[in-house]
1. Tally the residues that are closer than 12 Å to Val206 by Cβ and among the aromatic types (Phe, Trp, Tyr), restricting the search to region 229-248.
2. Out of region 16-46, which residues are away from the ligand (no atom under 16 Å from the Cβ) and under 17 Å from Leu131 (Cβ atoms)?
3. If you take the residues in region 127-155 that are within 11 Å of the ligand (Cβ to nearest atom) and acidic (Asp, Glu), which one is farthest from Thr219 (Cα to Cα)?
4. Report, by residue number, each residue of region 204-231 that is within 13 Å of the ligand (Cβ to nearest atom) and farther than 20 Å from Glu189 by Cβ.
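Coordinate-derived values only; no laboratory data. Since the model is a prediction, treat every value here as computed from it, not as a measurement. Methodologically, a virtual Cβ is constructed for each residue, glycine included, from the backbone with ideal geometry; neighbour enumeration extends over all protein chains shown.
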Amino acid sequence: MRVIIETTADDVSRRGANFMAALVRRKPACVLGLATGGTPLGVYAELIRLHREDGLDFSQVTTFNLDEYVGLAATHQQSYRCFMQSNLFDHVNLAPAKTHVPDGRALDFHTHCRQYEQRIQDAGGIDLQLLGIGSDGHIAFNEPGSSLGSRTRLKTLASETVRDNARFFGGEDQVPRLAITMGVGTILESRQCLLLAMGKGKAAAVRSTIEGPVTAQVTASALQLHRDVIIVVDEDAGGWLSRRDYYAEVEHAQSLLESGQFRALGIGNQ
Ligand code: F6R
């Protein structure tokens, strides 16, 4: 796992957006996995800026969102479809038919979930999956205890998640109790995962994810099994990491390698 500790939340957003923009430039017909919630807001704002000011072109990009609340129509203000429209899709040149969010009003959930997985396969798989993390360590809505091999399915929200998300609904009693979510197994099949976290409230979950054991009790810890994961956190979210110095050293060596400063790394000195 590559762990990058940035100073502020804005730095995390910019760094995250830059990884995504670099992929879109390198592979214009790429498949992006997207997340909702507070975490990716700055990333989407930066992608919109790059589209407007630098001509970042999304016309060939396909997207798949991680999850959607059950029972909310796409037009409901708190639906994740609505979130994506207003925070990204309406402001860049993504083809509407290439944006996918699970349908919270699907009548046959089982079939809908299977078809969602199939659409990801048909699109060639996800190149880069953007992830936030819940304070209980979840990725997507894979709450503690979710199978690490799980696929897209219905999931009951944990009380911690209901509490965390009540801020968007104006009260806990308004938060839907069920969601359709990609599974941990679905996420692990993405070619690259990019997890972002900001703020003190995520510090414990970030530490468990990176430095704890792989466990279904912290589904983000399954990322330890993935071969290409980047985790970008701010000082607050990374505050409980015990190997901060090492992560910084790795990043320093990486930037020397990328800029061709091999002698500074002791390469070719002998
Ligand atoms: C959202 C999602 C969730 C959030 C997580 C963090 O699509 O899948 O896992 O990423 O709950 O939420 P925020 O970013 O609001 O702290």
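1. 2
2. Matches in region 16-46: Asn18, Phe19, Leu23, Cys30, Val31.
3. Residues of region 127-155 within 11 Å of the ligand (Cβ to nearest atom): 129-143, 155.
From what is left, the residues that are acidic (Asp, Glu) are 136, 143.
Values: Asp136: 9, Glu143: 7 Å.
Taking the candidates together, the pick is Asp136.
4. Of everything in region 204-231, those that are within 13 Å of the ligand (Cβ to nearest atom) and farther than 20 Å from Glu189 by Cβ turn out to be Ala205, Val206.
One line per residue, one yes/no per condition, for (1) free of Cβ contacts under 8 Å to residues at least 40 places away in the same chain; (2) in contact with a His (Cβ under 9 Å, 6 or more places away or on another chain); (3) closer than 23 Å to Cys113 by Cα; (4) of a type in the set (D, E, K, R):
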position: Asp164; (1), (2), (3), (4): yes, no, no, yes
position: Glu172; (1), (2), (3), (4): yes, no, no, yes
position: Leu178; (1), (2), (3), (4): no, no, yes, no
position: Val184; (1), (2), (3), (4): no, no, yes, no
position: Ile187; (1), (2), (3), (4): no, yes, yes, no
position: Leu195; (1), (2), (3), (4): no, no, no, no
position: Ala203; (1), (2), (3), (4): yes, no, no, no
position: Ser208; (1), (2), (3), (4): no, no, no, no
